[in-house]
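Only one structure is covered here, and it is reproduced in the block below.
Every number in this text was worked out from the coordinates using simple rules, so none of it is lab data. Worth saying up front: this structure is predicted, and the values here are computed from it rather than measured. Glycine gets a Cβ as well: all are built from the backbone with ideal geometry, and neighbour counts include every protein chain shown.
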Amino acid sequence: MKIAFCVSEAVPFAKTGGLADVAGALPQALKKTGAQTIVLMPAYEFLFSQDYKFSKVAENVTVHMNDYYYEEFDLYKAHINNTDFYFVRNPKFFDRQNLYGTPQGDYYDNDIRFAFFSRAIFEALKKIDFIPDIIHLHDYHFGLAALLLRDLKSKPAGSSAAKTKYAIFKNTKCVFTIHNIAYQGIYDPAILERAGISYDHYNMEGVEFYGRINYMKAGIVYSDAITTVSPTYSKEILTPQYGYGLDGILNKRKKDLFGIINGIDYSIWNPETDKNIAINYSENDLQGKMECKFALIEKMFGPGSTAGEIPEGRGNAASQQFNYLEKPGISKIPVAGMVSRLSEQKGIDLIVQAMESIMENDIYFIILGTGDEKYHNLLKALSKKYCSRLSLVIGYSEKMARQIYAGSDILLMPSNYEPCGLGQLISLKYGTIPVVRDTGGLSDTIIDIKTQQDIKKKGQGFKFTNYCPQEFYRALKRALEFYSNRTLWHKIMANAMRQDFSWDYSAAEYIKLYSSLMKE
């Protein structure tokens with residue numbers, strides 16, 4: 001079975017979110033099953049200044065956007081983590097500081113950038129003579145490729161030579177994965193002409209969306225199967241609350257919609273081998289986790305700590321003379337951590353509203369992330385008010401994120417919605433107990449604890465349902481009550497660290513889906 005992943009980002013090359021983790025890990029897991037997998041992505045110019053061994057595969061490859069407009073690209077290859085990555089290099093479209101835009105908004109030409117790559121996919125596959133059984137598209141960026149594949153197979157435009165040129169894809173199936181339906185790629189209809197797409201597709205059953213063009217909708221309408229990154233999220237997006245205007249078309253394709261939970265790469269996220277944390281530890285030797293906790297507290301609240309400093313990531317209690325070795329009972333004080341985008345999707349509004357109640361407890365709270373300026377300012381004010389126990393770092397450092405996962409006792413993820421979530425999977429492996437909202441992938445991965453009996457049922461986290469600060473705080477308070485009983489807490493930690501959310505399960509589910517499509 002031949003599978004071509006088409007993504008806008010992938011670890012280790014470029015990352016803004018969980019999509020990159022999926023694109024970096026899932027192809028490796030699929031290869032273990034015997035599948036041939038490759039990854040195609042844009043060649044962002046900043047990649048060529050980094051220490052990757054690229055080889056040029058082809059140059060000046062022509063992409064006919066329409067009858068009178070064409071672009072060209074060079075094709076590069078890199079082999080990493082047992083996977084072949086191919087990069088479409090066109091500086092006009094991909095020589096940018098960021099992947100999708102600036103803090104002021106998306107790049108003005110994202111419509112044609114993504115349309116160009118959607119067409120380039122097929123030219124690149126022909127150049128490397130890789131005719132896939134499955135083209136697997138991820139998120140809205142290249143949703144047009146599903147439409148283009150359908151057109152190539154059903155009524156390829158141009159001469160008979162052109163039709164023969166694309167006949168090689170006649171048996172190729174298309175899978176489209178929705179990572180976050182809130183981001184859809186909505187553009188002016190003029191892009192249809194520039195991208196060489198017939199206006200026959202501009203209707204309610206096609207790509208039209210309230211007088212605009214919707215790339216996410218194109219992926220949903222024209223793919224052979226649609227997947228989301230958790231079973232619960234696949235059900236949630238069928239409702240107006242979570243469908244973001246696409247619930248109607250998704251319900252029409254309900255029989256072709258599947259929820260497959262994301263996994264985690266334990267060769268990367270493992271406290272036994274993680275070189276970024278104070279000391280390694282395991283389920284059978286938790287003393288190291290306590291040392292990680294002490295190191296984190298001292299780093300974020302100790303002498304000389306300074307707010308917002310990255311990558312060292314000091315806290316904001318510079319005036320406080322602190323030494324955990326001199327503070328009796330410091331090991332009994334829980335540390336809550338949050339590594340997150342600071343936006344309402346991630347529940348940061350609940351954090352702000354509940355902060356006064358949170359700080360009434362004997363607790364340290366560390367927040368790492370960046371996002372909406374509104375919440376930057378609110379959290380900065382709160383961190384000054386509670387400077388001895390609340391540490392805020394605006395920005396992102398993977399080293400610091402790992403230290404928070406390892407050194408915290410509790411991880412907060414009160415998301416408004418969460419398609420899958422990676423943070424809770426990481427925290428479980430690091431023995432850090434998540435407090436989450438009962439939504440999306442958080443519902444599918446966290447087993448709620450309300451009583452001691454739930455621990456015997458492999459409970460490893462705390463959930464709340466209604467999206468309000470009161471319910472969130474009650475869930476946190478429940479976690480703190482269990483934390484006060486060290487025997488029970490260690491049992492919860494053991495449940496968490498024994499969880500297996502490796503990519504092997506997810507890969508097996510995708511292989512089942514791919515195989516069923518190939519049989520049709």
>> Could you derive backbone 3J(HN,Hα) for the range 71-88 from the dihedral phi with the Karplus parameters 6.51, -1.76 and 1.60 (θ = phi - 60°), listing whole Hz in sequence and x where the residue is Gly or Pro?
In response: 10, 10, 8, 9, 10, 10, 9, 9, 10, 8, 6, 6, 10, 8, 9, 10, 10, 8
>> Can you classify the chain as rounded, prolate or oblate using the Cα gyration tensor, where a ≥ b ≥ c are the square roots of its eigenvalues, rounded means a/c under 1.5, and otherwise it's prolate if a/b beats b/c and oblate if not?
In response: prolate
> Are there GluC sites (Glu not before Pro) in the range 351-383 that DSSP puts in a loop and that have at most 14 other Cβ atoms within 10 Å, and which ones?
Replying inline: E360
> Quick one: net charge of V88's neighbours, Cβ under 9 Å, K/R +1, D/E -1?
Replying inline: -1
>> Going Cα to Cα from K299, which aspartates and glutamates come in below 13 Å? Please leave out same-chain ones fewer than 8 positions away.
In response: E291, E309, E312
> Which loop-located chymotrypsin sites (Phe, Trp or Tyr not before Pro) does the range 1-95 contain, where loop means any DSSP state but H, G, I, E or B and the Cβ has at most 13 other Cβ atoms within 10 Å?
Replying inline: Y68, Y69
> What list of ³J(HN,Hα) values in whole Hz, one per residue of the range 269-282 in order, does the Karplus curve 6.51 cos²θ - 1.76 cosθ + 1.60 (θ = phi - 60°) give from phi, with Gly and Pro shown as x?
Replying inline: 10, 7, x, 6, 10, 4, 7, 9, 9, 4, 7, 6, 7, 8
> Cα to Cα, under 18 Å, and not fewer than 8 places away if on the same chain: which aspartates and glutamates meet these conditions relative to K173?
Replying inline: E123, D129, D133, D139, D151, D224, D256, E509, E520
> Where in the range 444-475 are there trypsin sites (Lys or Arg not before Pro) that are in a DSSP coil and have at most 13 other Cβ atoms within 10 angstrom of their Cβ?
Replying inline: K450, K457
> Around T228, which amide H atoms from residues at least 5 apart in sequence, or from another chain, sit under 5 Å from its own amide H, with H modelled in the peptide plane?
Replying inline: I178, F258, G259, I260
>> Taking 8 Å as the Cα distance limit and 6 or more residues as the minimum spacing, I'd like the relative contact order of the chain as a percentage.
In response: 12 percent
> What list of ³J(HN,Hα) values in whole Hz, one per residue of the range 283-294 in order, does the Karplus curve 6.51 cos²θ - 1.76 cosθ + 1.60 (θ = phi - 60°) give from phi, with Gly and Pro shown as x?
Replying inline: 4, 8, 8, 8, 4, x, 5, 4, 5, 5, 5, 4
>> What aspartates and glutamates does K127 reach when the alpha-carbon gap must be under 12 Å and sequence neighbours fewer than 8 apart in one chain are set aside?
In response: E59, D74
> Among rounded, prolate and oblate, which fits the range 287-500 when a ≥ b ≥ c are the square roots of the eigenvalues of its C-alpha gyration tensor, a/c under 1.5 means rounded, and a/b larger than b/c means prolate?
Replying inline: oblate
> Hey, quick one: spin label on S502, modelled 7 Å out along Cα-Cβ, who in the range 12-50 has an amide N within reach, i.e. under 20 Å?
Replying inline: 21-37
>> Can you tell me, using C-alpha contacts under 8 Å and at least 6 residues apart, the relative contact order of the range 287-500 as a whole percent?
In response: 19 percent
>> For a 20 Å ceiling on Cα separation, which of these pairs sit above it: K346/K380; K458/K491; K289/K456; K153/K235?
In response: K289/K456; K153/K235
> What FRET efficiency, computed as 1/(1 + (r/R0)^6) with R0 = 30 Å and r the Cβ-Cβ distance, is obtained for Q452 and M290, rounded to the nearest 0.05?
Replying inline: 0.80
> Cα gyration tensor of the range 6-63, axes a ≥ b ≥ c as square roots of the eigenvalues: rounded (a/c below 1.5), prolate (a/b > b/c) or oblate?
Replying inline: oblate
